[in-house]
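Scroll down for the structure; my scribbles are underneath it.
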Amino acid sequence: LSALSRSLGRLRNLSDELRRDAPLAERLVHVGDRLTNALHLAPHVRVSRRIVFEITAAPPQFRGMRDLVVRRGDARDLRALATIDDTDPELVLERFARGDFAYVGQLGDAILCHTWFHRGPQPFSEDRYACADWALDADTFWSYNGAAAATARSSGVFVKLFQQALRELFTDHGAKRVQGFIHDTNRPSITLHERMGFQRLGTLSTVALPGVKLLRWEGDGITRHFLARRDGDFALHLPPA
Amino acid sequence: MNEAVMRRLRELLAFYSGVSDDKLSPASSRDNTPGWDSVANLSLMAAVEEEFNVTILTGDALELKSLADLARFVEARTAAKASG
């Protein structure tokens, strides 16, 4: 009975999603995403829609929480970096080995939040299987994997961390732009990026199947389609030429 | 609870969250008020510090989850200042 109830609930969600006031393509992507999860097809099949953002100048300075220490993280922070959002410690070490920047927000001995940046020109490839590699210029940073501990969510500590980290990238590390994506269902993160001064470059919809992936870029009046090998090193420049 | 403090806190939260002042009450919290997100909360804490001349440390901010919490905090801090 509980399985039947769960199935009915999922069908109702799908039906609600289809009736939602949004463009048809967007609704279909969301339905596809839910179906693949409900049918346990993920990660072999992944359907997703991501909004790509960019910021080209340091964000405004938010006041408050002056005692939160924001600093570059390093391998000594491995445990906290792996625990906050359940990341494989090996992956954290790989990120440090390739020179990615971790920033952490610390109160006393506790690390409350972290966020990561990858510097071009080496493409960022952690999203290869689900989406694409991201092609980056030498002065472009890719923003990824920001998270706060459960006890600190929606408190503003991550905002403080993200803002100070971005300011440091622009003032101390020669950033000309910082790019990143957000799943289009992640409303709090979209709001945060917009208030921080990020601009939307466009939307990338992806259908990833065993062996192959289809990408659809929409932005600034331009639509582009790409077909690539699922695990190939196809790198997408944003916005695509 | 001091009415004047609560009224001013409601005005500040309305400004930063975009939620109408008359929809806010002492029970309004980060969990039940849609516009009271992380950015609004950080801005609100800074505004409360300035408005009431109190210091809100990060540890305090983590615990202040509703308007009632904030009002109690402000009253306690201002009373401590007045007596000390």
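Okay, here's what the table says:
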{"item": "Which listed residue, of A:His114, A:His30, is in contact with a strand residue (DSSP E or B) (Cβ under 8 Å, 6 or more places away or on another chain) and in a strand (DSSP E or B)", "result": "A:His114"}
{"item": "Sole residue being free of Cβ contacts under 8 Å to residues at least 24 places away in the same chain and away from chain A (no Cβ under 12 Å), chosen from B:Ala68, B:Ala4, B:Ala61", "result": "B:Ala4"}
{"item": "Output for the stretch B:26-43, where each listed residue is modelled with pLDDT under 95, under 12 Å from the mean Cα position of the chain (by Cα) and more than 14 Å from A:Arg153 (Cα to Cα)", "result": "B:Ser43"}
{"item": "Condition broken by A:Glu17, with the remaining ones in (1) buried (at least 17 other Cβ atoms within 10 Å of the Cβ); (2) modelled with pLDDT of 70 or more satisfied", "result": "(2)"}
{"item": "Residue match in the stretch A:4-13 (condition: farther than 20 Å from A:Trp217 by Cβ, surrounded by fewer than 16 Cβ atoms within 10 Å (Cβ to Cβ), of a type in the set (A, V, I, L, M) and under 24 Å from the mean Cα position of the chain (by Cα))", "result": "no"}
{"item": "Restricting the stretch A:67-92 to residues that are among the charged types (D, E, K, R), at pLDDT 95 or above and surrounded by 13 or more Cβ atoms within 10 Å (Cβ to Cβ), the residue that is farthest from A:Ala165 (Cα to Cα)", "result": "A:Asp77"}
{"item": "Identity of the residue in the stretch A:48-85, within 15 Å of the chain's Cα centre (by Cα) and not basic (Lys, Arg), that ends up nearest to A:Tyr129 (Cα to Cα)", "result": "A:Ser48"}
{"item": "Pick from the stretch A:172-210, criterion closer than 14 Å to A:Arg49 by Cα and among the charged types (D, E, K, R), ranking: nearest to the other protein chains (Cβ to nearest Cβ)", "result": "A:Arg187"}
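The values are calculated or read from the model by the stated rules, or taken from the named source; none is laboratory data. Bear in mind that the values here come from a model prediction, so they are computed numbers and not experimental data. Here the Cβ is made from the backbone with ideal geometry for all residues, glycine too, and neighbour counts use every protein chain on show.
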